[in-house]
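Below: one structure, written as structure tokens.
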Amino acid sequence: MSNGSLTHRRARACALVVTFLWSSSWVLIRWGLDDEALEPITFAALRYGLAFVALMVLVLGRSTYRDQVRSLDRVAWRDIGLLGLFFYTVTQGAQFIAIDHQPAATSSLVLSLTPLLVAATATRSLSEIPHRHQIIGAVLVALGAWSYFSGDLGATAIGMTAALVGLGGNTVSTVLGRRLNKETAVSSLVITGLSMAIGSLFLVALGIGLEGVPEISAAAWSIILWLAAVNTAFAFTLWNVSLRRLSALESAGINNTMLIQIAILAWAFLDESPGVKEWIGIGAVSLGIFLTQAPGSDRAPGK
């Protein structure tokens, strides 16, 4: 799908498909950590390492993509490297650790604050001035999230620290990914493959250094392969495609639908049952997300 043929509505639809795949990942990750006793960093390294291999086969298999790789200058390589470090090594590695130490929905709560940080960051770095209703929506998202989890969060010191690290990495990578996909003519597949290569190599080094070489069952491999092929290689490429049409705040708002999706999936598959107050929180989050997606969310000054 070329950038020219991607309408704004299709970009939103692509982004929503990706968020559902990523939300389902939280359940699969929990199964892998609990049922298959996988170590978190090694688990993340295997997921993104295998996904990187799949993507690079596609990149190296076409001369157009190879030419794009050769055309990258030092600044582009720097930005791709930073995207890989923040989006994969930091954000995803921290996410696996957080899920391993506390309920998935609690970690999702922390990541739901991303739109507020993105709004502040994108205003300065991307000149994307958010509208008043978008700011109100982002605030509602945060308030609704806190209402949802105002009871016993089941949080731990390690889990919350990892989740906060993931929040920081997610914010930086959202803005950086938006700028990189917006300002370069390089294919989203190339950007995804190269950034994932860099990020996954760091994850592999950390996993082996801290957790050693794992023994993996057939069931664990099935989870890892699905996460790598579908929820990573395919999903992250589609996400980068959508970023060519969506603003940083808008993409972060769509990404924040994962809070609702994860809550429902955790309720259905992980026995994390919400009560009345939690459902009120879901309503506030839904309204906030609607406001961040209202017309004009992709406009920058002068456009």
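Every number here is computed from the coordinates shown, using simple stated rules; none is lab data. These numbers were taken from a predicted model, which means no experiment stands behind them. Backbone-built Cβ (ideal geometry, glycine too); neighbour counts: all protein chains shown.
Odds and ends about this structure:
- Square roots of five times the Cα gyration tensor eigenvalues for the range 1-120, Å: 29, 20, 16
- Phi angles across the range 278-288 convert, under the Karplus curve 6.51 cos²θ - 1.76 cosθ + 1.60 with θ = phi - 60°, into 3J(HN,Hα) values of 5, 5, 4, x, 4, x, 5, 5, 4, 5, x Hz, Gly and Pro given as x.
- Take the Cβ atoms of Glu215 and Val53, set R0 to 30 Å, and the FRET efficiency comes out at 0.90.
- Phi angles of the range 47-63 translate, via the Karplus equation with coefficients 6.51, -1.76, 1.60 and θ = phi - 60°, into HN-Hα couplings of 4, 7, x, 5, 5, 4, 4, 4, 5, 5, 4, 5, 5, 6, x, 10, 5 Hz per residue; Gly and Pro are given as x.
- Over all pairs of different C-alpha atoms, the range 8-292 has a mean inverse distance whose reciprocal, the Kirkwood radius, equals 18.9 Å.
- GNM flexibility winner over the chain from Ala94, Ala76, Ala44 (Cα, springs under 10 Å): Ala76
- Cα centroids of the range 1-53 and the range 169-236: 9 Å apart.
- Computed over the chain, the per-residue total of -39500 (n - 2.57) for DSSP H runs of n ≥ 4 gives a 222 nm mean residue ellipticity of -24000 deg cm²/dmol, rounded to 500.
- For the chain, size of Cβ-based charge dipole, Lys and Arg +1, Asp and Glu -1, in debye: 1540
- Gaussian network model of the chain, Cα within-10 Å springs - most flexible of Gly93, Gly49, Gly275: Gly275
- Each of Val190, Val118, Val59 has some number of other Cβ atoms within 10 Å of its Cβ, and from fewest to most they run Val59, Val190, Val118.
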